[in-house]
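Remarks on the structure that follows.
Coordinate-derived values only; no laboratory data. Since we're looking at a predicted model, the values are computed, not measured. Every residue, glycine among them, receives a Cβ derived from its backbone with ideal geometry; neighbour counts consider all protein chains shown.
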Amino acid sequence: MRELQQQFKEIGAVPDTETSALWKRYQEATEKYYDQLKVNKDLRDLDFKKNLEMKTLIIEQAQKLTEEADVVVAFRHLQDLHNKWRVVGPVAREVREEIWVKFKDISAEINKKYQAFFEARKAEEQQNEAAKTALCEKIEAIDFNELKSHSAWENATKTVLAIQEEWKTLGYASRKTNAELFKRFRSRCDEFFQAKAAHFKAVKDEYAENLAKKISICEQAEELKESTDWKKTTDKLLELQAQWKTIGPVAQKQSDAVWSRFRAACDYFFDRKKQFGSETRKTEQQNLAQKREIIEKLKAIGVVEGDERKAAIDQVRDLMQSYQQVGHVPFREKDKLHDAYRAEVSRLYDLLDMNNRRASRAAFEDKVKEIEGDSRELSRQRDRLMRSLEMKKNEIKTFENNLGFFNSRSRSGEAMLRDMENRIARLRDEQAQIESKIKLVESKLNA
């Protein structure tokens, strides 16, 4: 019997589907043998006692596994204990059921924790899969064709980097989908940064070509700046200024320098031309007095309501028209006077709400209130306003650049100069309104 038991123990693993049946059959045969055995009772009792000790030890080891933090480790060790239990011989009939129930109950507790662990992990993997799929869709929704400007690409880059950081916070999805999702996400990120690199390379090449053209114009202007042929040189410089406008932008770090070089050459010539016309100084002093008088009249206008507001607005517009009709003032006074004039006009535009800003602002606030809570729609509004703001800034910069070209005292030159100054003022006002709207939208997005 002992030899048979030893052989049974030494035989290796069998298919899982047969393990329980074979073990049950072996146990029944063994127990039947001991139950029927009448001789050597002392030896049988000794085996029962030894087997009971071994099974009691297994139960104690199983009980400790219920306190193991890692349920997977506990489950695996439990399987080892079950294998040990199977090879231990029978115990006395009166305790046989009791110790098996103890071991079975402990096993059930560990198995329950193991099952709950994998169910929780499966639920978490499903959540991670949904979150990663949403991030893939979000980055795939970025339309490269709509990214035309430097700021648009930089804003999109911030969005992509934020999405990547969010991806890092997510755990694994299921084994079946995790690798596929990462491949999908990584592929789209690579496409974005490749497209960005290609865009900026093309822009860099274009900037270099534009810089070469502008440097050539600077050199031509510098050759002309000492000329005393006022009419011919003026026409040539205006022609160069017109050419300058047709040339696209250059790199920001070089833009101011090359523009300052060209403007310096133009200003040098036109300042000499201005000084040459000494008779104009008297007129400029008269113009200065007229413009100061108009500014004082603007300062005298205060808060009014109703019909008086309309009359005040008409008065402001008349004074503005009168101001624009006055000719040039001394060059050294021009900027200070212009700043004072613009400050009063801006004050009155705000004071009298000449652009109906309040009504426009109220309408926009109502619109934002309607979409409050819809982050996607709020983001669209913000993106639209950001594009509009970028356009306004570019327009202002263009007009400010062109403003330096009109130093001529001809009637047409004065009219164009006044028109540009008015446009710049309006654009700055519109820029401030757009920036205010952007702050409102962002406050709702961050709420």
Crossing angle, helix 411-445 versus the chain [Cα axis fit, 0-90 degrees, rounded to tens]: 20 degrees
Give me the extension gain from residue 49 to residue 112: residue separation times 0.36 nm, minus the current Cα-Cα distance, reported in nm with one decimal. 19.5 nm
Name the residue farthest towards the positive end of the dipole of the chain from the options 381, 230, 187, assuming +1 on Cβ of Lys and Arg, -1 on Cβ of Asp and Glu, about the Cα centre. 230
What is the dipole size for the chain, taken about its Cα centre, with +1 at each Lys and Arg Cβ and -1 at each Asp and Glu Cβ, in debye to the nearest 20? 660 debye
For region 2-118, size of Cβ-based charge dipole, Lys and Arg +1, Asp and Glu -1, in debye: 240 debye
Tell me the relative contact order for region 2-118 as a rounded percent, counting alpha carbon contacts under 8 Å between residues six or more apart. 32 percent
Across region 130-136, in residue order, what do the Karplus-derived ³J(HN,Hα) couplings come to in whole Hz, using 6.51 cos²θ - 1.76 cosθ + 1.60 with θ = phi - 60° and x for Gly and Pro? 5, 5, 5, 4, 5, 5, 4
To the nearest 10 degrees, how steep is helix 357-370 against the longest Cα principal axis of the chain, on a 0 to 90 scale? 10 degrees
What angle do you read, to the nearest 10 degrees and between 0 and 90, between the alpha-carbon axis of helix 252-276 and the longest principal axis of the chain? 10 degrees
Could you work out Rg/(2.2 N^0.38 Å) for the chain, with Rg from alpha carbons only? 1.97
Helix-only [θ] at 222 nm, the chain, -39500 (n - 2.57) per DSSP H run of 4+, per residue, nearest 500, equals -29500 deg cm²/dmol
Would you please classify the overall shape of region 1-90 from the alpha carbon gyration tensor, given that a ≥ b ≥ c denote the square roots of the eigenvalues, rounded means a/c under 1.5, and beyond that prolate means a/b larger than b/c while oblate covers the rest? oblate
Lys/Arg Cβ at +1, Asp/Glu Cβ at -1, dipole of the chain taken about the Cα centre: which of 54, 346, 95 is farthest positive-ward? 346
How many angstrom lie between the C-alpha centres of region 48-95 and region 101-130? 21 Å
Region 230-289 - convex hull of alpha carbons, volume per residue in Å³: 107 Å³
Count the net charge of all other residues whose Cβ sits under 14 Å from the Cβ of residue 83, scoring Lys and Arg as +1 and Asp and Glu as -1. +2
For each of 320, 54, 1, count neighbouring Cβ atoms within 10 Å of the residue's Cβ, then give the residues from fewest to most. 1, 54, 320
Among 107, 159, 249, flag the residue with its Cα farthest along the positive direction of the charge dipole of the chain, charges on Cβ as +1 for Lys/Arg and -1 for Asp/Glu. 249
Return the sequence-ordered ³J(HN,Hα) values of region 169-184 in whole Hz as given by the Karplus equation 6.51 cos²θ - 1.76 cosθ + 1.60 applied to θ = phi - 60°, using x for Gly and Pro. 7, 8, x, 6, 8, 5, 4, 5, 10, 4, 5, 5, 5, 5, 4, 4
